[in-house]
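Data block below; observations after.
The values are calculated or read from the model by the stated rules, or taken from the named source; none is laboratory data. Being a predicted model, the structure only gives us computed values, none of them experimental. All accessible areas refer to the heavy atoms of the entire protein, side chains included, with ligands and DNA or RNA removed. Shrake-Rupley method; radii C 1.70, N 1.55, O 1.52, S 1.80 Å.
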Amino acid sequence: MASSEEGAPDRRTRRKVALAEQQRVSADADVERRRRAALAELEVEERRAEVALRVREADQRAKAGRRKARRSSRAARRARLRAAAPVWVDRALFVGPIGFPMAVAWVGQIQFAQDVMRWPLAGAVVFAAGFELSTAYVARLDWKARAEGDGTALFRAATWLFAAGAAAMNY
């Protein structure tokens with residue numbers, strides 16, 4: 001029995017060694033799996049970082065594009081305003097020196113139409129508007145004719161005739 005007793009520890013030892021070897025191989029495989037998972041995780045993180053970098057760069061390019069569009073829009077708006085300024089100045093010069101005295105003349109002509117001609121207020125307003133706007137229209141035709149180099153004697157005579165009539169009414 002000595003040989004069977006001697007063989008028993010060998011079997012146990014071999015079993016223990018085989019089990020230990022199996023555990024070592026399993027542990028090695030587990031370490032390898034963890035290493036590969038860590039490498040895959042690192043690779044995923046690197047890709048995420050690259051994607052985030054590309055997204056940031058795309059956002060910066062888009063932001064720069066929007067900034068450039070805003071600048072060009074502002075430049076175009078300033079150019080339009082600069083081009084429109086002389087037109088608005090011309091209109092303001094019409095409203096100020098011509099429009100305000102014309103409004104004063106309307107008051108005198110409305111009073112003339114009501115007091116002398118005995119017209120109601122609505123008719124008097126239409127009368128004053130028609131008279132003053134006719135004067136302004138003939139004066140504008142005179143100005144345009146002079147700008148184009150045409151004769152202006154008829155327009156000037158009509159303008160002075162209207163002005164004399166307005167002065168007589170306001171007197």
Rounded to the nearest 10, the angle in degrees between the Cα long axis of helix 2-94 and the longest principal axis of the Cα atoms of the chain comes to 10 degrees
Tell me, what HN-Hα J-couplings in whole Hz come from the Karplus equation 6.51 cos²θ - 1.76 cosθ + 1.60 at θ = phi - 60° for each residue of the stretch 115-124, using x for Gly and Pro?
-> 7, 7, 8, 6, 8, x, 4, 4, x, 5
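Where does the chain land at 222 nm, in deg cm²/dmol rounded to the nearest 500, when only DSSP H runs of n ≥ 4 count, each adding -39500 (n - 2.57), divided by all residues? Intermediate values should be presented prior to the final figure.
Details: 4 runs with 155 residues, N = 171.
Using -39500 (n - 2.57) per qualifying helix, the result is -33500 deg cm²/dmol.
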On the accessible surface of the chain, probed at 1.4 Å, how many percent belong to carbon and sulfur atoms?
-> 62 percent
Give me the angle, in degrees from 0 to 90, between the Cα long axis of helix 153-170 and the longest principal axis of the Cα atoms of the chain, rounded to the nearest 10.
-> 80 degrees
Most fluctuating residue given options L39, L81, L121, as computed from a GNM of the chain linking Cα atoms under 10 Å = L39
Identify which of the listed values of Kirkwood radius over Cα pairs in Å was calculated from the structure shown: [x] 16.8; [y] 17.5; [z] 26.3.
-> [z]
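Send over a whole-number figure in Å² for the accessible area per residue of the chain, probe 1.4 Å. Don't skip to the end; give the middle numbers.
Values: 13800 Å² over 171 residues.
It amounts to 81 Å² per residue over the chain.
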